[in-house]
1. Can you grab the distance from the C-alpha centre of the stretch 59-88 to the C-alpha centre of the stretch 164-178, Å, no decimals?
2. Return the distance in nm (one decimal) between the two label points of a simple spin-label model at residue 115 and residue 149, each offset 7 Å from Cα along Cα→Cβ.
3. Please state, as a whole number in µm²/s, the translational diffusion coefficient that the Stokes-Einstein equation yields for the stretch 131-186 at 37 °C and 0.692 mPa s, with Rh defined as the Kirkwood radius across alpha carbon pairs.
4. Starting from the 7 Å offset along Cα-to-Cβ, what nm value, one decimal, do you get for the label separation of residue 186 and residue 87?
5. Arranged from highest to lowest average of other beta-carbon atoms within 10 Å per residue, in what order do the peptides 58-68, 109-119 appear?
6. With a ≥ b ≥ c taken as the square roots of the eigenvalues of the C-alpha gyration tensor of the stretch 83-159, please select rounded if a/c is under 1.5 and otherwise prolate if a/b is larger than b/c or oblate if it is not?
7. Test of understanding: express the Cα radius of gyration of the stretch 73-127 as a ratio to 2.2 N^0.38 Å, with N the residue count.
8. Mind checking the full-extension length gain between residue 195 and residue 175? Use 0.36 nm per residue of separation minus the Cα-Cα distance, one decimal, nm.
């Protein structure tokens with residue numbers, strides 16, 4: 001069995017409960033695994049590609065390739081997902097990867113990594129984790145595929161880091177933001193298993 005095929009099988013085995021939250025996690029795991037399978041698990045040569053927003057779907061922006069991206073207005077107003085990504089990054093990721101994606105002594109600078117990571121590769125790493133072993137050190141990023149505080153906001157974190165990698169937002173909390181889209185509120189409630 002090919003390693004990328006095994007990831008799809010493993011992803012299905014990880015989540016088998018019937019709750020909405022579990023179905024959403026399973027969907028995201030399978031989406032990430034299928035994307036990795038389709039791309040052979042290798043980052044695209046151009047990294048995350050051209051970040052220019054060409055489509056707005058319920059307050060979420062996408063680039064020409066259909067990847068989630070940021071939108072920053074001339075006055076510095078960011079889209080909701082960039083703002084949410086800032087918040088989620090600082091609640092879940094900055095402990096290891098440093099403030100604003102700048103890196104630390106034991107985890108890489110994600111701001112720089114976003115210049116070479118495709119969306120699919122980013123998903124693969126976050127969902128499945130990664131282990132790097134060399135003669136001088138061993139570093140491990142745990143899998144976050146079952147952590148709803150990451151998985152429910154995975155696109156938001158990607159969008160924020162993509163904005164940081166392209167110097168579209170600074171190191172501080174964005175002062176101005178677009179209103180929270182209703183679609184975001186609904187998806188968040190479903191993912192977190194909140195009853196309506």
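1. Cα centres, the stretch 59-88 to the stretch 164-178: 10 Å.
2. In this crude spin-label approximation the distance works out to 3.1 nm.
3. 228
4. Using points 7 Å along Cα→Cβ, the separation is 2.0 nm.
5. 109-119, 58-68
6. Prolate.
7. 1.22
8. Stretched fully, the residue 195-residue 175 segment lengthens by 4.0 nm.
Each value in this text was obtained by applying a stated rule to the coordinates, not by laboratory testing. Since the structure is predicted, the reported quantities are computational estimates derived from the model, not experimental observations. All Cβ positions, glycine included, derive from the backbone under ideal geometry; neighbour counts span all protein chains shown.
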